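In what follows, a single structure is set out as structure tokens and then discussed.
The values are calculated or read from the model by the stated rules, or taken from the named source; none is laboratory data. Bear in mind the structure is a predicted one, so any value in this text is a computation, not a measurement. A quick note on method: Cβ atoms are made from the backbone with ideal geometry, for glycine too, and the neighbour counts reach across all protein chains shown. Only protein heavy atoms, including side chains, enter the accessible area calculation; ligands, DNA and RNA are left aside. Shrake-Rupley method; radii C 1.70, N 1.55, O 1.52, S 1.80 Å.
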Amino acid sequence: MKVQKQISQDAFKPLDGFIKSYQSLIKKTVIPYQYDVLWDKAADNTEKSHVVKNFINAGKAVAGQDVDDGFYGMVFQDSDAAKWLEAVAYSLSIFPDAELEKSADELIDIIAKAQDTDGYLDTYFTIKDKDKRWSNLCEGHELYCAGHMMEAACAYAETTGKKKLLEVMQKNVECIYRVFIEGDEFHKKGIPGHPEVELALMKMYRLTGDKKCLELANHFIDERGKDPEYYKKEVANRNWSVWGSDGADSAYMQAHLPVREQKDAKGHAVRAVYLYTGMADLASEINDQKLLDSCKNLWKSITKRQSYVSGGIGSTNLGEAFTVDYDLPSDTAYCETCAAIGLMFFGSRMLEMDVDRIYSDQMERAFYNAVLAGMQLDGKRFFYVNPLEVIPGISGVAATHKHTLPQRPTWYACACCPPNVARLLGSFGKYAYGENESTVFCHLFAAGEVSFNNGMKIKCTTLYPEEFTVKYEVESGQSQLAVRIPSWSKSVSLTVNGGKVDLNLDKGYVYLDVKAGDTVELILDESPYRVYPSSKIPALSAQAAVFRGPVLYCAEGADNDGDVISLRMQKDGKISVEGKIPGLEINNPLLTVDGIRQLPQEELYSAKRPEYEFKKIKMIPYFAWGNRGENEMRVWFPEANS
């Protein structure tokens, strides 16, 4: 069933361009800052983490020693260390750094000492509640933390060749296998409250060949939803809780139906896309058509009826969840950064079975908007929530808008998003390029040198998405080159060795026979354009948004006299590219849109028709908003006649 796969991490070496600039930021700023957070060495205004100290204390508990200050943080705090290690692994493959590798090795040594003799690894339960292990799958996040540590172990082994953490997690797999495959009847039906371990086990299986990993992944996916009341029964079997969940809402944890019967994305958005990624990964491995069909239905449910124009998903702060089809309000949008990252994971796995731009287009939209907006341009502050409209005084203040902050915080008690952004950016090449024996695939545009297993080596040069020319030089080998033509690009020029090529597309990709010495040049449409919402989205009636390429634009008060709410776009107004954006160190240009501004009126409501003046609406990339102080921001604007 698999028709192509991701390239290996070391197959992509970035060249100067947009992606390398972000990967350099991760190396220079984000990884060191997050390291200090893990060790509680960050600035005083940063939320305490205690992550490393939790592992140290767990190691003492395993050794029978006195523990200093117990466990601190969220029940899933261990995962912050795992995602940091994974980000480090990817960074080391791009920018070798002996000191950074030494710091990672030291942390791995600490983690290894925290593993119990039976292979169990989770600091919360080792320090705090050893007798309660595996009794609260609904809330306990043991399998979630194990999954993230498995991903880190795989990444670190692949990029450094060091297998200490991998051996720790192989021992952990043995522990999980004994509990859920060989254990008592209740645990044999057990499923993770927060899916993640499924996709991680698939990575472990592919790296190690250990069939217990594949069997466990299959087991957790097959068991999910067979008994919709599993968590409710689990709650009845214990007298303690982490957050007070009664386990009754099985749809919240995607356990309301067997997965092959699920057609609509429901519940917690991150849990959903992590689960669907594991499902797609398993479907490709065991050639399960029914499981693949379910994945296709779930992809459509998300992207056709429940995703924001930014590529963000999960519309409500009540449980960080999907609600119902077409419920996509801008000002209360949740759009957790991790959910957009998970959607990219899901899309990448679907691409492995079906090379279709419906997946890569959506991955691109999510990346350049919902993911990148989650991190400040300097890499020091982060959004957990990514609304599409912010009004200071309401956003972050009103009870209904407490979650939509007008400024990025430095850190969070629940800090899942920052290290998730770091690991995705570091591994971007794996999402941009794919391969099989006869074809190399260019799904996303990233400047770099790419080596493929079939002997092909290409060099991609581009400033995308700041500019829209992408050049591929074939440095060695002979193969097919498959290049995605984005659906948003109205005009496309494609040449091979200077000669124009007809666009004979297959599911949005053009397939070219190339050999060493050939040059392929793709020029996409750089013109800004408007996007209109479905009439089924009540919150967006008669409004429009603006894009340039894959990049969504917004208006901030900083460029519009402090007021964006009174602005309207003229229906037939011109959109112009104006050059540099004041106060922002980015190369994506400022746009101006012909518009009008409603003049102020004092009354709360008035029978008098409003008056308007002509006004140019200045717009910046949505991913760059919130970098110039607290001010208004809006993506969608009503259209008005000139």
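The table below gives the values:
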quantity	calculated
Accessible area (Å², 1.4 Å probe, nearest 10) - Leu207	70
Contour excess over end-to-end distance, with Cα ends at Val501 and Glu437 and 0.36 nm allotted per residue	20.6 nm
Residues in region 449-477 reached by a label modelled at Val3 [backbone nitrogen below 20 Å; 7 Å Cα→Cβ]	453-454
Of Lys132/Lys300; Lys27/Lys203; Lys41/Lys471; Lys13/Lys290; Lys60/Lys266; Lys5/Lys618, those spanning more than 32 Å from alpha-carbon to alpha-carbon	Lys132/Lys300; Lys41/Lys471; Lys13/Lys290; Lys60/Lys266; Lys5/Lys618
Helix 98-113 vs. the chain, principal-axis angle (Cα, 0 to 90°, nearest 10)	40
Region 1-145 - charge dipole about Cα centre, Lys and Arg +1 at Cβ, Asp and Glu -1, debye rounded to 20	540
Rg to Rh, two decimals, where the chain supplies the alpha carbon set and Rh follows Kirkwood	0.97
Anisotropy class of region 58-213 from Cα gyration tensor, a/c 1.5 cut	oblate
Largest-first ordering by accessible area, 1.4 Å probe, given options Asp105, Asp325	Asp325, Asp105
Distance between modelled label sites at Lys290 and Lys574, nm, 7 Å Cα→Cβ extension	6.1
From phi via Karplus (6.51, -1.76, 1.60), per-residue ³J(HN,Hα) for region 570-578 in Hz, x at Gly/Pro	5, 4, 10, x, 7, 10, 10, 8, 10
Near-label residues of region 177-198 by backbone N, under 20 Å of a point 7 Å along Cα→Cβ of Glu229	185-193
DSSP-assigned coil residues among GluC sites (Glu not before Pro) in region 413-483, each with at most 16 further Cβ atoms within 10 Å	Glu437
Whole-percent carbon and sulfur share, accessible surface of the chain, 1.4 Å	47
Region 197-263, relative contact order [Cα under 8 Å, separation at least 6], %	32
Karplus-derived HN-Hα couplings along region 280-290 (A = 6.51, B = -1.76, C = 1.60, θ = phi - 60°), whole Hz, x at Gly and Pro	5, 4, 5, 4, 5, 6, 10, 6, 9, 5, 5
Region 315-444 shape via C-alpha gyration tensor axes, a/c threshold 1.5	prolate
In sequence order, calculated HN-Hα J values of region 613-621 (Karplus, 6.51, -1.76, 1.60; Hz; x Gly/Pro)	10, 5, 8, 7, 8, 8, 10, 10, x
Rg(Cα) / (2.2 N^0.38 Å) computed for region 144-291, rounded to two decimals	1.05
Gain upon complete extension [Lys263, Asp40; 0.36 nm per residue less C-alpha separation]	75.9 nm
For His403, residues with placed amide H under 5 Å, excluding near neighbours	Gly396
Accessible surface, the chain, averaged per residue in Å² (probe 1.4 Å)	37
Linear extension gain, Lys457 paired with Ser541, 0.36 nm per residue minus alpha-carbon span	25.4 nm
Along each principal axis, Cα extent of region 207-287, largest first, Å	40, 28, 21
Mean shadow area of region 475-614, taken as a quarter of the surface of its Cα convex hull (nm²)	13.1
Thr117-His187 pseudo-label distance in nm [points 7 Å out on the Cα-to-Cβ vector]	1.7
For region 539-642, alpha-carbon Rg and Dmax in angstrom	14.0, 46
Principal axis box of region 322-376, alpha-carbon based, largest edge first, Å	36, 31, 14
Separation of alpha-carbon centers, region 563-638 and region 208-286, rounded to whole Å	44
Relative contact order (%) - criterion: Cα under 8 Å, at least six apart; region: the chain	13
Candidate residues Lys459, Lys102: accessible-area rank, largest first, probe 1.4 Å	Lys102, Lys459
Ranked order, Ser330, Ser527 - accessible area, probe 1.4 Å, largest first	Ser527, Ser330
Relative contact order, percent, region 525-604 [alpha-carbon distance under 8 Å, six or more residues apart]	22
Within the chain, helix-based [θ] at 222 nm, where runs of 4 or more DSSP H residues each add -39,500 (n - 2.57), nearest 500	-10500 deg cm²/dmol
Values of log10 I(q)/I(0), in the order q = 0.20, 0.26 Å⁻¹, for region 274-336 under a Debye, Cα-only, solvent-free model	-0.77, -1.01
Tilt relative to the chain, helix 417-426 - C-alpha long axis, 0 to 90 degrees, to 10	80
Hypothetical label at Glu613: residues of region 579-597 whose amide nitrogen lies under 16 Å (7 Å Cα-Cβ projection)	595-597
The chain: angle of helix 142-160 to the longest principal axis, Cα-based, in degrees nearest 10	80
